[in-house]
Amino acid sequence: MRTPTLAMMAFLACALTAVAGEAFKLYPGAIKYTPPDTEQTRQWASALPPGTTITAYLTKDSFDKVVAFYRGLGRPYTSPNTPVGDKLPNGQRMEKAFLIFDDAPDLRTSRSWISIRHPFIRSVSHEKGGVPQYRVRDVTEIVLTQKEAAPKNTK
């Protein structure tokens, strides 16, 4: 029973990729991450713009190795507002990179882009006196953002 469902999902993913003209390839060995079904996750998902799909993948490979793989497929993007040298409260440095797969000038207008981050911050809670508590995994996260093309107005 699962095979037709998985086959249909694979077909739809290929069809959507062909229509959008994307160059995204899944990093070898990366596995899909499904966040826990919580109220916070549902609120976050419902706040996405219509037609936006976000898919996260995790790999044990280094940040630099993952970025090198995607540099051959996409164009690096640096936001003027991206802080440099972010660190977690324990002093661990956070690494981030963005790559665009279409010819858009920035992430806001791109229909296909990824963010690569290390380490993976699974969750942040404010349980102990309002001080953020980070649940961190020593893996690299790849987040693919895809947006459907806006419908053309015909009058």
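Just so it is clear, none of the values below were taken in a lab; they were calculated from the coordinates. Treat the numbers as computed from the prediction; the structure is a model and nothing was measured. When we count neighbours, we look across all protein chains shown, and the Cβ atoms used for this are built from the backbone with ideal geometry, even at glycine.
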Task: Spacing of the two label points (7 Å from each Cα toward its C-beta) at residue 31 and residue 87, in nm - done: 3.2
Open item on the list: Using Cα-Cα distances under 8 Å and only pairs 6 or more residues apart, what relative contact order does the stretch 24-147 have, in percent?
Closed with: 27
TODO: Compute from the Cα atoms of the stretch 35-102 the Rg and the Dmax, the latter being the longest Cα-Cα distance, and quote both in angstrom.
DONE: 15.0, 38
- [ ] Put one equal scatterer on each alpha carbon of the stretch 24-147, apply the Debye formula with no solvent term, and list log10 I(q)/I(0) at q = 0.09, 0.10, 0.20 1/Å to two decimals.
- [x] -0.27, -0.34, -1.33
- [ ] Could you calculate the contour length gain from residue 52 to residue 109, that is, 0.36 nm times the residue separation minus the distance between their Cα atoms, to one decimal place in nm?
- [x] 19.3 nm
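For a 18 Å ceiling on Cα separation, which of these pairs sit above it: 65/96; 25/65; 60/147? List each step's numbers first, then the result.
Working: 65/96 13 Å; 25/65 15 Å; 60/147 27 Å.
From 65/96; 25/65; 60/147, over 18 Å: 60/147.
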TODO: Treating only the Cβ atoms of Lys and Arg (+1) and Asp and Glu (-1) as charged, compute the dipole magnitude of the stretch 24-147 about its Cα centre; round to the nearest 20 debye.
DONE: 120
